[in-house]
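J.: Starting off with a structure, shown below.
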There are 2 protein chains.
Amino acid sequence: METLGKAPIGRPRGFDTDEALERAMRVFWELGYEGAGLTDLTNAMGITRSSMYAAFGNKDDLFRKALERYTEGPASYAARALLEPTARQVAGAMLDGAVRATTRPGCPTGCFGVQASLVAGATARDARDALITWREEAIARLRDRFDRAVDEGDLPADADPTTLARHLMALANGIAVQAAGGTPRDDLQQIADAAMRSWPPL
Amino acid sequence: METLGKAPIGRPRGFDTDEALERAMRVFWELGYEGAGLTDLTNAMGITRSSMYAAFGNKDDLFRKALERYTEGPASYAARALLEPTARQVAGAMLDGAVRATTRPGCPTGCFGVQASLVAGATARDARDALITWREEAIARLRDRFDRAVDEGDLPADADPTTLARHLMALANGIAVQAAGGTPRDDLQQIADAAMRSWPPL
DNA sequence: GATATTCAGTACCGATCGGTACTGAAGTGG
DNA sequence: CCACTTCAGTACCGATCGGTACTGAATATC
């Protein structure tokens, strides 16, 4: 809504919503949807429950906002990778990006989109489904990019863009699982480099 | 203890512990450690809480027994794969096994060892660590097998068994993530087949 | 200065969590 | 048949879950 030239009425927020959301994102990333309680979240965000509800909505709303922030922040390498000039460079950027994003210093290890709700009990079903959609949409975008590479002759005409996309995402997700388990970045980079030595798997 | 020729004293159990453990394994596999409450578990097992505690111990104990059952059941393809005569056949058996085990009809999708506790809040930390150990030990066994393959000349002398093992496990874990998201078996098999077309990634 | 709006804090809610105590049931052995 | 052992069922425990109602605080506007 338009507030140009006018201060908003009412008591101003006493915290930085951007910073609070960053903290919430990291809590979900590290503990998962079910592992993160409201106390974990509000302690990390530095606000009270009622402030959290007023600013972000309920736990599920907050989770989705955190996922969006993750997409635009730590996982933004994926959107950028799609802009690489060749399919091979797209693949390399995806894997190198996965290695870096899953082992950022000062951040949780692994990938929010893989681990924050891979399976779920009844109360976290929506969160899990949101992550499934998030991963499937990433695969679809990769597939579309590889479709274009076939059209442009950058990939052979008989290459299967869906399988190439799924294969690449399997590697990226597998890297994320090992990162979540504590595997060091150098070891993960060896996986990415080995995969690239024989890419594309035709 | 020795009870040959003698009936055990005390009231006999009124349920099949083997069947109950099978049911518990599937609940943890589908819902995860944190997503599975005692009510979910006891309803699926068909017994009361006190029977569950008497027969299996607490939730954490039950989880470990379920993981062991998973290792010897649905995930037993991994131990068998190691017995294949060549490294390439080991790799193929691992990936084919992962595709099958993560999409068994009538069973949850995905892999218990990846998804039942990939990340965790404070109360599930031990369960998550148990799964990290389980996955790392699987990688170590693969690495040892590939070490032997190098020694036997089945893999080139300059091949890196650790990277080959991690790369293969990344693919298997990535397949499990996609299976957990609902990807059909045929699509996953395409990933495995594509990976094998350029295996080993030297 | 009063009113209105929005935010922060606290106490509290009903429900569910993992787990246990106690009582009764079902068996064996003497 | 009684004593002992082990199991099953029920009620209950303290703690924590996600969430809210109410009150006071901090602002802007008139």
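J.: Which members of region A:188-202 meet the condition of being under 22 Å from residue B:115 (Cβ atoms) and either open to solvent by 30 Å² or more (accessible area, probe 1.4 Å) or facing another protein chain (nearest Cβ under 7 Å) (or both)?
T.: Once the filter is applied, which keeps residues that are under 22 Å from residue B:115 (Cβ atoms) and either open to solvent by 30 Å² or more (accessible area, probe 1.4 Å) or facing another protein chain (nearest Cβ under 7 Å) (or both), region A:188-202 yields only A:191.
J.: Any idea which of B:62, B:41, B:95, B:131 is within 18 Å of the chain's Cα centre (by Cα), farther than 14 Å from residue A:119 by Cβ, open to solvent by less than 10 Å² (accessible area, probe 1.4 Å) and within 14 Å of chain A (Cβ to nearest Cβ)?
T.: On inspection, the qualifying residue turns out to be B:95.
J.: Also, I was wondering about something else. In this structure, is residue B:178 assigned to a helix (DSSP H, G or I), open to solvent by 10 Å² or more (accessible area, probe 1.4 Å), in contact with a helix residue (DSSP H, G or I) (Cβ under 7 Å, 6 or more places away or on another chain) and at the interface with chain A (Cβ under 10 Å from one of its Cβ atoms)?
T.: no
J.: Looking at region A:157-167, can you tell me whether even one residue there is in contact with a Ser or Thr (Cβ under 7 Å, 6 or more places away or on another chain), within 7 Å of chain B (Cβ to nearest Cβ), in a helix (DSSP H, G or I) and open to solvent by 20 Å² or more (accessible area, probe 1.4 Å)?
T.: no
J.: Here is a follow-up. Please find, within region A:11-32, the residue that is farthest from residue A:125 (Cα to Cα) out of those that are near DNA strand D (Cβ under 8 Å from one of its atoms) and not basic (Lys, Arg).
T.: A:12
J.: A follow-up question, please. For residue B:119, all conditions in the list (1) in contact with a helix residue (DSSP H, G or I) (Cβ under 6 Å, 6 or more places away or on another chain); (2) open to solvent by 10 Å² or more (accessible area, probe 1.4 Å); (3) assigned to a helix (DSSP H, G or I); (4) within 24 Å of residue A:102 (Cβ to Cβ) hold save one; what is the number of the exception?
T.: The failed condition is (3).
The values are calculated or read from the model by the stated rules, or taken from the named source; none is laboratory data. Here the structure is a predicted model, which is why all the values come from computation and not from measurement. Counting neighbours? That spans all protein chains shown, and the Cβs are built from the backbone with ideal geometry, glycine included. Accessible surface is based on the protein model in full, side chains and every heavy atom, while ligands, DNA and RNA are left aside. Shrake-Rupley method; radii C 1.70, N 1.55, O 1.52, S 1.80 Å.
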